[in-house]
Amino acid sequence: MSEEVQATFLNEVKIWHQLFHPHVVQLFGACHIGQPFFVCEYAGGGQLDEYLRKHKDEVWVKLYEAALGLRYLHVKRVVHGDLKCNNILIGSDGLAKLTDFGLSTLNANEPENVEESAPEVGAIRWKAPEVLRGEKATFASDVYSFGMYILEAASGKYPWEMTMDPVVKYYVLKEKRIPQRPEECGEELYALVKRMCRFEPTERVEMNEVVDTLKAFC
């Protein structure tokens, strides 16, 4: 295992082992000898976006559950940093749960950290504009990514659908656009997404408000 892979693995263990919440996949243990692996809670329900394709009447409830998980991370001063379709799962208990903390950081919304450059990792179409510019992920960029995830979960399609990544980057950075409202996404949900995905990080709603809005429609 290379030093870089080991550092990423150990960072994920360091953050994940302190997280205990019904809407976060629980870590039981990890091994870094040979092929590194985690021992964690079994998420037998698969990915949330796939689950919602079969249970469309549960969109508000499951997004609310996932939002509770993300709000918990932020209360614990953890920035997820890589929210996208395969990082929100359905546990064996039927609850939506966040997972994959390989790009997560602690206290990453502190001013001295926000301006540090970060490698372009993860998936472009879920990323906030400032992260696409190379800035470090923050609580506000998590909110943006979760907004993109809401569009995906509600519609069953990737944000920006089949648009090529360089074009997506141009739309987001130069034209300050977000994807148009998918027909499967209601006006109320899209209105929330627009508030979550404003171009300026300081103008985005925080997770407390996202949770309250989603709860009101459950």
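What the table below lists for this structure:
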quantity	calculated
Cβ-based net charge around G45, under 12 Å, with every Lys or Arg adding one and every Asp or Glu removing one	-3
Sequence-separation-based contact order of region 1-102, relative, with Cα cut under 8 Å and 6+ spacing, percent	34
Alpha carbon convex hull of the chain, volume per residue in cubic angstrom	124
Region 1-76 versus region 155-179: alpha-carbon centroid distance in Å	26
Residue range of the chain that is longest and free of chymotrypsin sites (Phe, Trp or Tyr not before Pro) which are both DSSP loop and sparsely packed (at most 14 other C-beta within 10 Å)	43-216
Within-12-Å neighbourhood charge of C85 [Cβ basis; K, R +1; D, E -1]	-1
Extended-chain gain in nm, criterion 0.36 nm per residue less alpha-carbon gap, E3 and M164	54.7 nm
Fluctuation leader among M164, M207, M148 - the chain, Gaussian network, Cα springs under 10 angstrom	M164
Within the chain, helix-based [θ] at 222 nm, where runs of 4 or more DSSP H residues each add -39,500 (n - 2.57), nearest 500	-12500 deg cm²/dmol
Among T163, G29, S2 the positive-end extreme of the charge dipole of the chain (Cβ point charges)	T163
For K215, net neighbour charge (Lys/Arg +1, Asp/Glu -1) across residues whose Cβ lies under 12 Å away	-2
Relative contact order (%) - the chain, alpha-carbon pairs under 8 angstrom, separation at least six	20
Of K56/K76; K76/K194; K62/K174; K54/K157; K54/K76, those spanning more than 24 Å from alpha-carbon to alpha-carbon	K56/K76; K76/K194; K62/K174; K54/K76
Charge dipole magnitude, Cβ of K and R +1, D and E -1 - the chain, Cα centre, debye nearest 20	300
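Taken together, the values in this text are just the output of simple stated rules run on the coordinates, not laboratory data. All values derive from a computational prediction rather than experimental measurement. With ideal geometry, Cβ positions are generated from the backbone for all residues, glycine too; neighbour counts draw on all protein chains shown.
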